[in-house]
Amino acid sequence: MELLCNAPAHATVPSRYIFPPEKRAALQLDNDLTPDDITLPIIDLHHGALSDDRRSQVAAEIIAAGKEFGFFQVVNHGVEEDAVQAFRDAAAGFFALPAKEKLPYCSYDMSKRFRLATSTSYDRGETRYWRDYVKFRCYPPSDDNVRCWPSKPASFAPRLVEYCEAVHGLAQTLLGLVAEGLGLDAGFFAGDLSGGDTHMSVNYYPPCPDPSVTMGLLAHCDRHLLTLLSQADVAGLQAMHGGRWLLVRPVQGAFVVNFGHQMEIVTNGVLASVEHRAVTNSVAARMSVASHVHPTDGCLIRPAPELVDEAENPAQYREFLFSEFMEAYDAADASRDDVLESFKIRRD
Ligand code: OGA
Ligand code: NI
């Protein structure tokens, strides 16, 4: 497998990474078309120490941000900066290992519990994305999950456990606030809806000599419930907003939060899953760490009855098992409309 992280710095872009003009990111970081006055909300969680008044205010901010953007950033979220940095260093250390140490992990077999690959397995086109990644189950630290993690660098597993424990707590806090903001029981998301193994993607985008002809990651929606992403201080993530790509500007110490398809379905469309993608840059390597909160495979997904009203606001989606959705997503190559189609209720 030809990994970008094994290659010396590129002086030019090899042709297999050059997209035809119509598929390039029309807007680049230094030519950002999104008006400057539109930025994602930054929500202060006050380290989890929320009085009742503040709680309902923060819950309302989250719902407003979710409805308008489907994306927001959280600060003072209670996850220690040292824990984030320590895992980021360990993950960067994994990509920096000699090629032969990483070889055993290289695979496009999606059933592998820890795998390293390049580009993406969703776009079957010829052109490669300027990205290497690892994907694996990161939480809980069950024996089945832990034994698939790499033994090098030695810090990887212990720092991962610490990071995921903290991020799990933050995810549950956010889900509690979402439930409260929607008028659902505080524990609405706490059971099977968020009880599957958390999956992690660590994406590595080395500097690219010509960002105008490459893409880091294809436009997609996340398939699960909730994503918490650390991008540190290098920009590259863009979210669709009002028909344009909005740059998710790095905010010191923040997590970027967005909703997956299951949140859209369970909330009957109130909190939509929004398309996003990554672009490259020529200056700095970028690494993003995305934690994807999943329902259990056997979880029954359906619009929350509390949010459905057969006369005014009928259910938009049918009931299904989460495992069925996972298969449909792979078959639809992550395309938002194609994947949702088979779960929609038609009313014509
Ligand atoms: C993802 C993702 C964006 C990024 O891993 O699902 O959208 O900034 N990553 O790398
Ligand atoms: Ni994503």
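The values are calculated or read from the model by the stated rules, or taken from the named source; none is laboratory data. Just so it is clear, the structure is predicted and the values come from calculations on it, not from any experiment. Every residue, glycine as well, gets a Cβ built from its backbone with ideal geometry; the counts of neighbours run over all protein chains shown.
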(message) On the basis of being hydrophobic (A, V, I, L, M, F, W, C) and under 30 Å from Arg244 (Cα atoms), does Phe72 make the cut?
(response) yes
(message) Among the residues in the stretch 275-286, are any among the β-branched types (Val, Ile, Thr), within 16 Å of ligand 2 (Cβ to nearest atom) and either closer than 22 Å to His199 by Cβ or surrounded by fewer than 20 Cβ atoms within 10 Å (Cβ to Cβ) (or both)?
(response) no
(request) Would you mind telling me which numbered condition in (1) surrounded by 20 or more Cβ atoms within 10 Å (Cβ to Cβ); (2) at pLDDT below 95 Asp52 fails? (result) (1)
(request) Please find, among Phe136, Phe188, the residue that is under 30 Å from Thr214 (Cα atoms), of a type in the set (A, V, I, L, M, F, W, C) and crowded, with 19+ Cβ neighbours inside 10 Å. (result) Phe136
(request) For the stretch 101-111, state whether one or more residues are of a type outside the set (A, V, I, L, M), crowded, with 19+ Cβ neighbours inside 10 Å and in a loop (DSSP other than H, G, I, E, B). (result) no
(request) Could you list, in sequence order, all residues of the stretch 217-251 that are under 20 Å from Ala284 (Cα atoms) and without any contact (Cβ under 8 Å) to a residue 40 or more places away in the chain? (result) Asp233, Pro250
(request) Confirm whether Asp330 is charged (D, E, K, R), in contact (Cβ under 8 Å) with a residue 24 or more places away in the chain and within 16 Å of ligand 1 (Cβ to nearest atom). (result) yes
(message) Quick check on the stretch 300-308. Is at least one of its residues part of a loop (DSSP other than H, G, I, E, B), free of Cβ contacts under 8 Å to residues at least 60 places away in the same chain and surrounded by fewer than 17 Cβ atoms within 10 Å (Cβ to Cβ)?
(response) yes
(request) Could you identify the single residue in Gly243, Gly269 that is more than 16 Å from ligand 2 (Cβ to nearest atom) and at pLDDT below 95? (result) Gly243
(request) Pick out the one residue from Met287, Met263 that is within 16 Å of ligand 1 (Cβ to nearest atom) and part of a helix (DSSP H, G or I). (result) Met263
(request) Run Leu170 past the list (1) away from ligand 1 (no atom under 16 Å from the Cβ); (2) closer than 30 Å to Pro20 by Cα; (3) at pLDDT 95 or above and report the number of the one that doesn't hold. (result) (2)
(request) Check the stretch 209-220 and report whether any residue there is in a helix (DSSP H, G or I) and among the charged types (D, E, K, R). (result) no
(message) For the stretch 110-137, give me each residue that is more than 13 Å from ligand 1 (Cβ to nearest atom), more than 16 Å from Leu3 (Cβ to Cβ) and either in contact with an Asp or Glu (Cβ under 6 Å, 6 or more places away or on another chain) or among the acidic types (Asp, Glu) (or both).
(response) Asp123, Glu126, Arg137
(request) Only residues that are away from ligand 2 (no atom under 16 Å from the Cβ) and among the acidic types (Asp, Glu): list them for the stretch 206-225, please. (result) Asp210
(message) over 18 Å from Gly181 (Cβ atoms) and at pLDDT below 95: which single residue out of Ala26, Ala86 fits that description?
(response) Ala26
(request) Pull up the stretch 226-239, narrow it to residues that are assigned to a strand (DSSP E or B) and within 12 Å of ligand 2 (Cβ to nearest atom), then point me to the one that is farthest from Asp89 (Cα to Cα). (result) Ala239
